[in-house]
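Have a look at the structure below before the remarks.
Laboratory data are not the source of any read-out in this text; all were calculated from the coordinates shown. If you're wondering where the values come from, they're calculated on a predicted model, not measured in any experiment. Glycine also receives a Cβ, built like all others from the backbone with ideal geometry; neighbour counts cover every protein chain displayed.
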Amino acid sequence: MKPAPFIAVLAILGSGGFVAAADKPGPEAIEFFEKKVRPILVENCLSCHGAKKQEFGLRLDSREAVLKGSDGGAVAVSGDPDKSSLIEAVRYTGQTKMPPEPKGRKLPDEAIDALAAWVKMGLPWPDGPAPTVKALSVAEVRAKHWSFQPVQKPEQPKVQQSTWVKTPIDAFVMAKLEEKKLRPAPPADKRTLIRRATFDLIGLPPTPEEVAAFEADRSPKAYENLVDRLLASPRYGERWGRHWLDVARYADTKGYVFVEERRFPYSYTYRDYVIRSFNEDLPYDQFVCQQLAADLLPLGDDKRPLAALGFLTLGRRFLNNQQDIIDDRIDVTMRGLQGLTVACARCHDHKFDPIPQKDYYSLYGVFDSCVEPKDLPLVGQPEPTPEYQAFEEELHKREAVVTKYQEDHKDELKAKNRKFREELTALQRKVDEWNVTGPGSPPRAMVLQDLPNPRNPHVFLRGNPNNRGEAVPRRYLEVLADEKREPFKDGSGRLELARAIATRDNPLTARVLVNRVWLNHFGKGLVRTPSDFGLRGDPPTHPELLDYLAATFMEEGWSIKKLHRSIMLSNTYRQASDGDPHTEAVDADNRLLGRMNRQRLDFEALRDSLLAVAGRLDSTAGGAAVELTRAPFPTRRTVYGFIDRQNLPGLFRTFDFASPDASTGQRFTTTVPQQALFLMNSPFVIEQAKHFVSRPDVAALPKAEERIDRMYRLAFGRVADPEEISSGLQFLKTAGTVQTKADGKSVRLTAWEQYAQVLLLANEFAFVD
């Protein structure tokens with residue numbers, strides 16, 4: 001796929017906008033409805049607007065009924081909450097107020113926001129009757145549903161086109177193709193292959209020298225050696241660590257927390273832990289245990305794994321509502337590690353999966369028996385530098401002020417005076433701010449610790465913590481254990497929970513992880529609902545292949561790098577993205593893997609590639625986050641950028657960055673004009689275009705033809721053909737210097753700088769075959 005430099009902008013602008021939502025809601029939309037919307041309707045609306053009673057002729061117990069409206073007309077306009085009287089009523093901004101006054105009380109802001117978001121999404125509602133825990137027992141569902149069956153390694157299938165089979169993966173793929181009498185695509189050329197592999201594993205373009213060396217290497221192990229070199233690169237952990245941070249809903253801030261310090265002081269230590277774990281190929285079962293219970297493991301002298309507990313502690317803080325914080329921790333653990341939407345059982349038994357409400361509160365008790373300590377542990381011994389000593393002195397001063405204020409105003413604080421408490425909070429915030437911003441602040445782990453006396457959980461009826469039901473033990477899910485499961489006995493039960501997940505006997509753990517790795521290589525998972533392996537999720541396109549990979553993954557020590565290697569050495573992975581026309585016609589969505597999927601660079605890879613091609617990428621690893629969107633623009637990799645959960649920059653959203661508010665299994669991919677406009681007008685992009693031209697290995701070349709060719713090699717990993725050189729020379733001859741505006745500022749661009757920017761705008765730069 002070659003670029004069309006002079007029409008690239010028009011191509012991007014004209015290549016489509018948001019795709020209209022399908023009639024059938026996706027699993028993410030259904031999950032949102034079940035978790036956020038149905039509980040609101042059940043708790044607040046259906047007693048007056050349900051099956052038994054319909055005040056004003058309004059029912060709210062089905063999508064059709066909501067759209068039908070009341071005796072007075074429509075109450076919801078799909079996609080437009082501001083024109084929906086239902087939203088106006090719950091906001092108390094119109095004549096009708098719901099729940100009605102004086103008996104009722106306005107819904108919490110979060111509930112109102114959830115209803116508005118639901119209307120904006122098109123009022124997704126699950127179709128038809130769905131299996132529930134009441135319809136089928138947990139044991140029956142466990143016996144029938146594919147994802148709850150034990151992982152067993154299947155035999156490699158025999159195929160007719162056996163010469164194509166290089167690895168067992170190919171046999172499973174070919175068997176499916178042969179069932180439909182289809183053929184795989186031809187192999188990708190070496191230039192395509194090195195570009196694909198390099199972006200996949202390290203998120204950066206290969207250098208011209210790396211491309212040339214690979215193309216010239218005739219060794220039968222040339223590609224194998226390439227994969228091994230990329231896996232050994234420290235850049236690998238930065239790329240694949242970012243994929244995991246999506247799952248872990250990583251951010252550097254707490255969200256809205258009113259008056260307290262909104263930034264996490266040491267969030268970056270979790271990010272650095274994840275990157276280091278991928279680089280060191282930490283076995284995934286250990287990775288799981290450390291993220292849930294590192295403080296309960298025998299770590300020895302190396303305390304760095306304590307930072308792994310950021311998996312639990314770096315979520316949104318919900319104005320410090322403990323029930324919501326625990327719900328978030330249950331959700332990230334179960335969706336992230338098990339592919340199950342357990343949090344949907346907070347207010348009632350899960351509507352689709354075999355997860356009773358009792359099981360939710362068994363897990364609730366685990367996290368309710370933990371606390372975040374005030375004094376966070378160091379993850380390394382700080383060097384006694386002047387900066388560190390100055391930091392400690394200032395910290396002790398600020399802490400002393402807080403302590404003195406507490407002693408001087410004991411009585412007022414004990415009496416909860418809404419003034420002395422606020423003054424104390426302001427003083428404490430100065431301590432927190434210094435921990436975040438103070439030069440020399442040593443890295444610490446944001447850990448959890450078990451309470452001395454674990455709390456025995458009770459079911460909250462309809463999710464209301466003030467309406468307690470029966471007591472339940474802290475223990476694991478029945479569907480993943482059995483009827484004879486024992487309550488957790490050691491402290492909170494976090495370590496027992498971790499071990500229940502990180503075991504070969506768990507049918508979901510390896511399957512979910514293998515599917516996530518496959519997804520980030522091929523753009524789509526074998527299971528296309530990567531965080532939902534329940535009854536509403538998609539079944540795998542290649543169930544035997546999924547189980548073969550999961551079984552092999554566990555046999556080989558839970559090594560993610562070995563998993564990469566097995567996938568990437570297959571002929572399935574090495575196919576061209578332009579497949580056999582008949583195969584593409586029969587399987588347009590490429591569910592049978594008869595070709596490679598062409599993929600667009602995500603936000604991180606696009607930004608990092610701009611810096612790399614400009615010769616400016618800073619390879620410094622680790623440390624505190626940097627602000628990416630303000631000049632002077634930092635040149636560090638995007639994974640080290642500051643993620644503000646409450647005020648995520650528009651640039652991140654424009655390029656489909658994962659929401660840090662909840663675990664993200666797969667990012668959306670949209671094509672919108674704002675993406676092209678950023679590449680055309682951003683001061684950051686213009687800055688990189690200027691540096692691209694001024695690179696010594698470009699600027700020093702005596703002939704324009706040589707510079708054009710070098711720029712093609714840097715940007716696209718290939719030589720420029722004669723037509724491209726000719727059109728480039730013609731552009732440079734006629735373009736001249738122009739004055740343009742970037743973010744309201746006047747910028748002068750030479751013809752060469754304009755040409756460099758056009759190359760960076762090309763589709764070939766942003767897509768990988």
State, to one decimal in nm², a quarter of the convex hull surface area for the C-alpha atoms of the range 268-380, i.e. the direction-averaged projected area.
8.0 nm²
I need the fraction of alpha carbon pairs in the range 627-702 separated by more than 19 Å, rounded to a whole percent.
50 percent
Go through Lys254/Lys745; Lys416/Lys489; Lys254/Lys430; Lys221/Lys561 and tell me which ones have a Cα-Cα distance over 26 Å in this structure.
Lys254/Lys745; Lys416/Lys489
Mean separation of Cα pairs under 8 Å and 6+ residues apart, divided by the residue count of the range 48-172: what relative contact order is that in percent?
13 percent
Bin by bin, in steps of 10 Å, what percent of the Cα pairs in the range 529-635 do you find, going until the bin that has the longest distance?
11, 25, 29, 25, 11, 0
Distance in nm between pseudo-label sites at Arg748 and Leu424 (7 Å out along the Cβ direction from Cα):
6.2 nm
Compare the Cα positions of Thr253, Pro150, Asn225 along the charge dipole of the range 116-256 (+1 at Cβ of Lys, Arg; -1 at Cβ of Asp, Glu; about the Cα centre) and return the one farthest towards the positive end.
Pro150
On a C-alpha basis, how far is the centre of the range 549-627 from the centre of the range 389-443 in Å? Whole number, if you could?
48 Å
For the chain, the Cα-Cα pair-distance distribution in 20 Å bins from 0, as whole percents, is 14, 44, 35, 7, 0
What share of Cα pairs, in percent, lie more than 16 angstrom apart in the range 206-284?
64 percent
Highest mean packing first, using Cβ neighbours within 10 angstrom, the peptides 250-263, 705-718, 105-118 sort as 705-718, 250-263, 105-118
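Among 385-397, 475-487, how do they line up from the highest to the lowest mean number of other beta-carbon atoms within 10 Å?
Details: 385-397: 13.5, 475-487: 16.8.
Highest to lowest by the protection proxy: 475-487, 385-397.
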Cα gyration tensor category, rounded, prolate or oblate, for the range 411-457 with a/c compared to 1.5
oblate
What is the distance in Å between the Cα centres of the range 314-342 and the range 164-200?
38 Å
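Net charge near Gly50, counting Lys/Arg +1 and Asp/Glu -1 over other residues with Cβ under 13 Å of its Cβ?
+1
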Dipole magnitude of the range 541-587 about its Cα centre (Cβ charges: Lys, Arg +1; Asp, Glu -1), debye to nearest 20
380 debye
Classify the range 142-273 as rounded, prolate or oblate from the Cα gyration tensor: take a ≥ b ≥ c as the square roots of its eigenvalues, call it rounded if a/c is under 1.5, otherwise prolate when a/b beats b/c and oblate if not.
oblate
Net +/- balance of residues flanking Pro457 in space, Cβ distance below 12 Å, scoring K and R +1, D and E -1
+2
Among residues other than Leu701 whose Cβ falls under 15 Å from its Cβ, what is the net charge (Lys/Arg +1, Asp/Glu -1)?
+1
Any trypsin sites (Lys or Arg not before Pro) in the range 514-618 that lie in a DSSP loop and have at most 16 other Cβ atoms within 10 Å would be Arg591, Arg598, Arg616
Which pairs in the list Lys36/Lys68; Lys36/Lys303; Lys120/Lys374 are over 29 Å apart, alpha-carbon to alpha-carbon?
Lys36/Lys303; Lys120/Lys374
What is the P(r) of the range 462-566, as percent of Cα-Cα pairs per 10 Å bin from 0?
13, 35, 30, 16, 6, 0
Rounded, prolate or oblate, given the Cα gyration tensor of the range 381-535, with a/c below 1.5 counting as rounded?
oblate
Using Cα pairs under 8 angstrom and six or more residues apart, how large is the relative contact order of the range 211-307, in percent?
25 percent
